[in-house]
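The values are calculated or read from the model by the stated rules, or taken from the named source; none is laboratory data. Please read all numbers here as calculations on a predicted model, not as lab measurements. Positions of Cβ are generated from backbone atoms using ideal geometry, with glycine treated the same way; all protein chains shown enter the neighbour counts.
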Amino acid sequence: MQMKINLLSSFAAGMLITTTICGAVYLSGKSEPANVTVKPSVTTATKKVQPTEEEMKTQLQAEGYVVQTKAENDKQVQDAKASVQAKAAPAAADTTKPVTRVVVNVTDGMTSIDIGRVLAAANIVKNAFDFSKDIEAKKLENKLKPGVFVVDSKMTYDQVVATIFK
């Protein structure tokens, strides 16, 4: 047991002496290393240069852009609206009669008289019975197939018949 304590005491004394020597060298040494070269610091400043309005227009036009001031754009929009309104005015005078659109849903078992009633109710044809007789005279009663068909009051009588009886 005696030997272990001596060994431990020797180790501790060695550590204490080593620490003391290192501390003394550290504290007594120079603060800067001897072989270090100091680089002079160069400060560069960049200043953002804003191009003039004319230079910006020239660059944009060179790349294919159309450059307009707000006033020029507003005038162009106003002229376009005026021309559209001028074209729409005569068209509005022609459309005095409203267009009636009818969706005819033909199901199995429906006949030409049933179709005539739907069309007569929508004022597409004058009389359902006359419509049915005309379909039979044209021998189209067997051409009626189930489906959904859209007809309107702008269509001629023959166009209505051709749409429903394909």
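Suppose we filter the range 136-161 for residues that are in contact (Cβ under 8 Å) with a residue 12 or more places away in the chain, under 20 Å from Asp108 (Cα atoms), out of contact with any Leu (no Cβ under 8 Å at 6 or more places or on another chain) and outside any strand (DSSP E or B); how many remain?
6
Pairs please, first residue from the range 81-101 and over 26 Å from Val125 (Cα atoms), second anywhere and modelled with pLDDT under 80 and in a helix (DSSP H, G or I), Cβ atoms under 8 Å, 6+ apart in sequence or on different chains.
From residues that are over 26 Å from Val125 (Cα atoms), there are no pairs.
Filter the range 125-163 for residues that are of a type in the set (A, V, I, L, M, F, W, C) and out of contact with any helix residue (DSSP H, G or I) (no Cβ under 6 Å at 6 or more places or on another chain) and give the result.
Phe129, Ala137, Leu140, Leu144, Val148, Val150, Met155, Val160, Val161, Ala162
When Lys133 is evaluated against the numbered criteria (1) touching a Ser or Thr at 6+ places or on another chain (Cβ under 7 Å); (2) assigned to a helix (DSSP H, G or I), which criterion, by number, is the only one it fails?
Lys133 satisfies every listed condition except (1).
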